[in-house]
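Q: First the structure, which I've put down as structure tokens, then a few questions once you've had a look.
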Amino acid sequence: MPLILNEEQEMLQDAAQGFLAEKAPVAAFRKVRDNKPADGFCRDLWAEMAEMGWAGIIVDEDHGGSGFGYVGAGVLAEQMGRNLTASPFFSTSVLGATAIQQYGTQKQRDENLAAISSGERLFALAVDEGPRHNPSRIKFSAKPAGNGFVLSGTKTFVADGHVADKLIIAARTSGEQGDADVITLFLVDADAPQIRREPTPMIDSRNAANITVDGLEVTGDDILGELDGGYAALEGILSAGRAVLSAEMSGSAQQVFGVTTDYLKEREQFGQKIGSFQGLQHRAAHLATEIEMMKSAVLKSLKDLDEDFENAGITCSLAKAKTGQVAQLATKEAIQMHGGIGVTDEYDVGLYFKRVHVAQQMFGDAGFHSDRWAKNSGF
Amino acid sequence: MSDLEEFRAEVRAWLKENCPEEMRDGDITAENQCWGGRQWEFQSEAQKIWFERALAKGYTVPSWPKEYGGAGLSADQAKILDEERQAINARKPLSNFGISMLGPALLAYGTHEQKKQHLTGIARGEIRWCQGYSEPGAGSDLASLKTKCEDKGDHWLINGQKIWTSNADISDWIFCLVRTDFDAPKHEGITFILIDMASEGISVKPIVLISGHSPFCETFFDEVKVPKSYGEGNPSVVGEVNRGWDVAKNLLVHERGMLGTMSPLKGTTGPENLGKFAVEKIGLDAAGRLDDPALRERIAQAELDNWAYNLTVERMTDEANAGNGLGAKSSMLKYVASELTKRGTELRMDIEGTTAATIGAEGIEYGSLANNWLYNRAYSILGGTTEVQLNIISKRVLGLPSQ
């Protein structure tokens, strides 16, 4: 398969460009940021996205989805990254939909996928327990009790955890911290009285929550995937998340780089355009090259997810590692090349800098993924 | 089955039938590749058989027109042939500068008779070409070249010196940039000319590099007479007199494309399989990680960057085939490929530590790691330095203004 978008995917890209430019440009994100709505995003906008088939972008058509797969999800995420669009798309339509579609029972699929596609039910994945992403160190416990389990523990930085209707919680069903084989995923209602959700305002103005669960009783029916076999499922969900998050960061990096090269062509100092200075040209040319490398890694990871989901994990690590580095470089250079106005709140480049920082921390930064690559390669 | 699928099946069967087992040993290197030319001697019977069978099918230059020795394949078909060849790890039957650099320029700028003579000679492996571009005073600023070419009525008279002419000592012909007008602005007095290396007055001197032996030479032109024409409709000049810079630029794009996708990255000198190499030399710690954490991180980074680069070659090739062209983006590939190649050998040198820095009594052994490491310093200089590539990207890809 060629490593380019097909005609259908290009049309989706055009549609997303047009829609977001009109309905959700950076100005709309600023509004959400400044008005601080409790949800952290605009419900009407989300409803419109769902109507266009975006909420069910990876969901099969039998469940009301649009069946575009991960390349389609990446195409949308890239455009959202360009516009800094805040929505439940990532948590619900990528993480939630992947979890249910790939690992859910028929019953779970029937109960949830259509509600994802329609945009009416929101999901969140609760995996991390500390400041640095490390899914192999899960302590959150699920103790066998009667016919089921009792869940207790704390999860940090659960994106959309504050607004989600359903939580997917990665818990330890036995064994020691660091022991990967005994993780189980549970799908639970987020509004259970034993669950306390504390919104954590983030530097990128997105919505996330710390979640504490104290003695929530669940049954075997609430297990998503296999008992004690949840780590592989978690890896699959995380892989999808890493690839789509990379696509979002790639969009942010490309957008901010475009804005920066435009500025280099306009801004004059010492009587000439600053873009004529070789000191800036070479940095811009290096960054442009790195952006091309990043785009290839991102597209490959999305294609691998569509073509061979089970074995796409390492390509997704490549994408996340490369994108983390390049998008950070792009946003840092954007600020520096803009000079003083680059650090003002009025200018958009700072918003990209903040978002990319959080996105690169999420589900593993570049260091996490190069370590993962090395381990996987046997060194 | 679509036409392309049918073609793929045919090609697969043909390769299976015709490519000798010995020629399926991975990517070619400068040492084992089939260069062709008057002085060429096949290194093995298998190499000869493979070349002859490919030649009969037009597969030494698959995408060139049939009338010039190619197979007339479309871009899609050529890509399929390449994929199928790589799938069985087969070498290219013939590879040289004629195929990768002069050929594309002649296809774009040559007359029918020029193509007939020179492309056919390249396709048949009869003529080996070298490139006469750089001069001692014209490196990155190539257009300031001074090799003088005077119009003497029935012939051209050439005086001057070229440098970094790879393999000039074993090449048959040279494609050369010369100055035909010293009064015009520097880009407008240059002519692209084809010269037989056997001409009287040409002498060649190999250059010894920090790595020892090298393919580079100095080539001197002392009162060299070059015919105006090699036959009816077949001038020695390609394109118009004084418009050679257009041809040269076209050719440089192909050179960068070639340098940007060349094989050193895939052999033992690049960042591929560095981790495996490091484990053999250094070993693992109790947790199963390379017993040198700082080196481990650098290796992982280099391998990831290498992977992203390989994917970019794939993506840009697919984009070019889909009709968007590659254009100045070839400078991006050249830039990354040369920097990654250097990084790969630097890491290998670090992995082997003082062992790699030890040389025998005979000096630096040809083909050794140290030899590659030293030679690779040239990758970001030859074919346009890294800095020149960054200038090109700034201006031609990003459209940044000139001073």
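Q: Roughly how far apart, in whole Å, are the Cα centres of segment B:332-369 and segment A:243-263?
A: If we compute the Cα centre of each part, the gap is 35 Å.
Q: Select from segment B:139-186 those trypsin sites (Lys or Arg not before Pro) which occupy a DSSP coil region and have at most 16 other Cβ atoms within 10 Å, ordered by residue number.
A: Details: sites: B:K146, B:K148, B:K152, B:K162, B:R179, B:K186; in loops: B:K146, B:K152.
Sites meeting the loop and neighbour criteria: B:K146, B:K152.
Q: Take chain A, connect every pair of alpha-carbon atoms lying under 10 Å apart with a spring to form a Gaussian network, then pick out the residue of A:S93, A:S118, A:S301 with the largest mean-square fluctuation.
A: Result for chain A, Cα springs under 10 Å: A:S118 fluctuates most.
Q: Between 0 and 90 degrees, rounded to the nearest ten: what's the tilt of helix A:366-376 against the longest Cα principal axis of chain A?
A: Approximately 60 degrees, to the nearest ten.
Q: As a test of the formula, what do you get for chain A when each DSSP H run with n ≥ 4 contributes -39,500 (n - 2.57) and the sum is divided by the residue count, at 222 nm and rounded to the nearest 500 deg cm²/dmol?
A: On the way: 11 runs with 187 residues, N = 379.
Helices in chain A give a 222 nm mean residue ellipticity of -16500 deg cm²/dmol.
Q: How about segment B:187-256: which trypsin sites (Lys or Arg not before Pro) there lie in a loop by DSSP and see at most 14 other Cβ atoms within 10 Å?
A: Working: sites: B:K225, B:K228, B:R243, B:K249, B:R256; in loops: B:K228.
The qualifying sites are B:K228.
Q: For segment B:298-362, run through the GluC sites (Glu not before Pro) and keep only the ones in DSSP coil with at most 16 other Cβ atoms within 10 Å of their Cβ. Let's see the in-between values first.
A: Working: sites: B:E303, B:E314, B:E319, B:E339, B:E346, B:E352, B:E362; in loops: B:E362.
For GluC sites (Glu not before Pro) across segment B:298-362 that sit outside H, G, I, E and B with at most 16 neighbouring Cβ atoms in 10 Å, the list reads B:E362.
Q: Please compute the contact order of segment A:273-379 in relative form: average sequence separation of alpha-carbon pairs under 8 Å and at least six residues apart, divided by the residue count, as a percent.
A: Details: 86 pairs, mean separation 27.9, N = 107.
In percent, rounded to a whole number, it is 26.
Q: Moving on. Considering amide H positions built from the backbone, and no H for Pro or chain starts, which residues 5 or more places from A:L216, or on another chain, come under 5 Å of its amide H?
A: Under 5 Å from the amide H of A:L216: A:L151.
Q: Another question about this same structure. In whole Hz and in residue order, list the ³J(HN,Hα) couplings for segment A:73-90 that follow from phi through the Karplus curve 6.51 cos²θ - 1.76 cosθ + 1.60, θ = phi - 60°; x for Gly and Pro.
A: Listing the rounded values in order: 4, x, 4, 5, 4, 4, 5, 5, x, 5, 9, 6, 5, 9, 6, x, 3, 5 Hz.
Q: Let me ask you something else. Of all the stretches in chain B, which is the longest one without any exposed loop site, taking chymotrypsin sites (Phe, Trp or Tyr not before Pro) in a DSSP loop (any state but H, G, I, E, B) with at most 16 other Cβ atoms within 10 Å?
A: Values: sites that count: B:F42, B:F182, B:Y230, B:Y366.
Formally, the longest exposed-site-free interval is B:43-181.
Q: Another one. Quote the FRET efficiency, to the nearest 0.05, computed for B:S368 versus A:A38 with a Förster distance R0 of 45 Å and r equal to the Cβ-Cβ distance. Don't jump to the answer; show the numbers that get you there.
A: Details: r = 67 Å, r/R0 = 1.49.
In this case the efficiency is close to 0.10.
Q: Sticking with this structure for a sec: Once you charge only the Cβ atoms, +1 for Lys and Arg and -1 for Asp and Glu, what is the size of the charge dipole of chain B about its Cα centre, to the nearest 20 debye? Before the final figure, lay out each step's value.
A: Details: 44 positive and 57 negative charges, 100 e Å.
Here the size comes out at about 480 debye.
Q: In nanometres, what is the gap between the two model label sites at B:K249 and A:T212, each 7 Å from Cα along Cα-to-Cβ?
A: For the pair B:K249/A:T212, the computed spacing is 6.8 nm.
Q: Which distance in nm do the two modelled labels at B:D76 and A:A47 give, with both placed 7 Å along the Cα-to-Cβ direction?
A: 4.6
Q: Shifting gears a bit: In terms of modelled amide H atoms, which long-range or inter-chain residues lie less than 5 Å from the amide H of B:L290?
A: The list, which skips near neighbours in sequence, is B:D285.
Q: Additional query: Please turn the phi angles of segment B:65-77 into ³J(HN,Hα) values with the Karplus equation 6.51 cos²θ - 1.76 cosθ + 1.60 (θ = phi - 60°), one per residue in order, whole Hz, x for glycine and proline.
A: Per-residue couplings from phi come out as x, 4, 5, 10, x, x, 10, x, 6, 6, 4, 5, 5 Hz.
Q: In segment B:211-235, whose amide N lies under 13 Å from the spot 7 Å out along Cα-to-Cβ of B:K152? List them in ranges.
A: Under 13 Å, as judged by backbone N against the label point of B:K152, lie B:222-228 of segment B:211-235.
Q: Ranking A:D60, A:D34 by Cβ neighbours within 10 Å, fewest first, what do you get? Could you put the intermediate results ahead of the total?
A: Details: A:D60 16, A:D34 8.
Ascending Cβ contact count within 10 Å gives the list A:D34, A:D60.
Q: Please report, in Å, the Rg and the Dmax of the protein assembly as shown, where both are computed over Cα atoms only.
A: In order Rg, Dmax, the Cα atoms of the protein assembly as shown give 30.0, 105 Å.
Q: Could I ask something else about it? Please find, in a Gaussian network model of chain A (springs between Cα atoms separated by less than 10 Å), the residue of A:V26, A:V127, A:V150 whose mean-square fluctuation is greatest.
A: Result: A:V150 has the largest fluctuation of those listed.
Q: Which ³J(HN,Hα) values in Hz, rounded to whole numbers, follow from the phi angles of segment A:311-324 under the Karplus curve 6.51 cos²θ - 1.76 cosθ + 1.60, where θ = phi - 60° and Gly and Pro get x?
A: 9, 8, x, 6, 5, 5, 5, 4, 4, 5, 5, 5, 5, x
Q: With the cut-off at 1.5 for a/c, could you classify segment A:256-379 from its C-alpha gyration tensor as rounded, prolate or oblate?
A: Values: a/c = 2.72, a/b = 2.24, b/c = 1.22.
The shape class here is prolate.
Q: Near B:K186, which lysines are there with a Cα under 21 Å away, not counting those fewer than 8 places off in the same chain?
A: B:K146, B:K148, B:K162, B:K249, B:K395
Q: Now for a different question. Given chain B reduced to its alpha-carbon atoms as identical point scatterers, what log10 I(q)/I(0) does the Debye formula return at q = 0.10, 0.12, 0.14 Å⁻¹?
A: Those come out to -0.74, -1.07, -1.41, one per q.
Q: Just report the Cα centroid separation between segment B:71-119 and segment A:309-379, whole Å.
A: 40
Q: Tell me, how many Å apart are the Cα centres for segment A:40-56 and for segment A:125-152?
A: 31
Q: For each of A:L216, B:L209, count neighbouring Cβ atoms within 10 Å of the residue's Cβ, then give the residues from fewest to most. Don't skip to the end; give the middle numbers.
A: On the way: A:L216 21, B:L209 15.
Final ranking by Cβ density, sparse to dense: B:L209, A:L216.
Q: Let me ask something else about it. May I ask which residue of B:G353, B:L369, B:L340 lies farthest towards the positive end of the charge dipole of segment B:329-389, with charges of +1 (Lys, Arg) and -1 (Asp, Glu) on Cβ and the Cα centre as origin?
A: B:L340
Q: Treating each Cα of segment B:261-397 as an identical point scatterer and ignoring solvent, apply the Debye formula and state log10 I(q)/I(0) at q = 0.19, 0.20 Å⁻¹.
A: -1.09, -1.16
Q: Using a 10 Å cut-off around each Cβ of peptide B:383-389, what is the average number of partner chain Cβ atoms that fall inside?
A: Numbers: counts 0, 0, 0, 3, 3, 0, 3.
Other-chain Cβ atoms within 10 Å of each residue's Cβ, averaged: 1.
Q: If you don't mind, another one. Taking chain B as a Gaussian network, where each spring joins two C-alpha atoms under 10 Å apart, which residue of B:V253, B:V279, B:V61 fluctuates the most?
A: Looking only at B:V253, B:V279, B:V61, the largest GNM fluctuation is found for B:V279.
Q: A further question on this structure: Tell me the mean residue ellipticity at 222 nm calculated for chain B from its helices only (DSSP H runs of n ≥ 4, each -39500 (n - 2.57), averaged over every residue, nearest 500).
A: Numbers: 11 runs with 147 residues, N = 403.
After summing the helix terms and dividing by the residues of chain B, the value is -11500 deg cm²/dmol.
Q: Another question, if that's okay. Give me the Å³ per residue figure for the convex hull around the C-alpha atoms of segment B:3-95.
A: Numbers: hull volume 8.6 nm³, N = 93.
Each residue corresponds to 93 Å³ of Cα convex hull volume.
Q: If each residue's Cβ is checked for other Cβ atoms within 10 Å, how do B:D172, A:D228, B:D151 rank with the fewest at the top?
A: On the way: B:D172 19, A:D228 15, B:D151 11.
Going from sparsest to densest Cβ surroundings: B:D151, A:D228, B:D172.
Q: Over chain A, calculate the relative contact order: mean separation of alpha carbon pairs under 8 Å at least 6 apart, over the residue count, as a percent. Walk me through the numbers on the way to the answer.
A: Numbers: 735 pairs, mean separation 58.2, N = 379.
This gives 15 percent for chain A.
Q: Shifting gears a bit: Computed FRET efficiency, Cβ-Cβ of B:S402 and A:K143, R0 51 Å: what is it to the nearest 0.05? Working shown, then result.
A: Details: r = 70 Å, r/R0 = 1.37.
Computed FRET efficiency for B:S402 and A:K143 comes out at 0.15.
Q: Which whole number gives the average count of other chain Cβ atoms within 10 Å of the Cβ atoms across peptide A:260-266? Each step should come with its number before you reach the end.
A: Numbers: counts 0, 5, 1, 0, 5, 4, 1.
Mean shielding count: 2.
Q: Among A:G378, A:F363, A:A327, pick out the residue whose Cα is farthest towards the positive end of the charge dipole of segment A:307-379, where Lys and Arg carry +1 and Asp and Glu carry -1 on C-beta, about the Cα centre.
A: Value computed over the given set: A:G378.
Q: Starting from the Cα of B:K57, draw a straight line to each of the lysines and keep only those under 29 Å, dropping any in the same chain fewer than 8 residues away.
A: Result set, ordered by chain and number: B:K16, B:K48, B:K66, B:K79, B:K92, B:K115, B:K116, B:K266.
Q: Moving on to the next point. Set the Förster radius R0 to 22 Å, insert the Cβ-Cβ distance between B:D169 and B:S144 as r into 1/(1 + (r/R0)^6), and round the FRET efficiency to 0.05. Kindly include the intermediate steps, with their values, before the conclusion.
A: Values: r = 26 Å, r/R0 = 1.18.
Once the sixth-power term is evaluated, E becomes 0.25.
Q: Within a 10 angstrom radius of each residue's Cβ in A:272-285, how many Cβ atoms of other chains show up on average? Whole number is fine.
A: Working: counts 3, 4, 2, 8, 6, 3, 6, 0, 2, 10, 7, 2, 6, 16.
Per-residue shielding by partner chains comes out at 5.
Rule-based calculations on the coordinates, nothing more; no lab input. Model, not experiment: these values are computed from the prediction. Neighbour counts run over all protein chains shown; Cβ positions are idealised from the backbone, glycine included.
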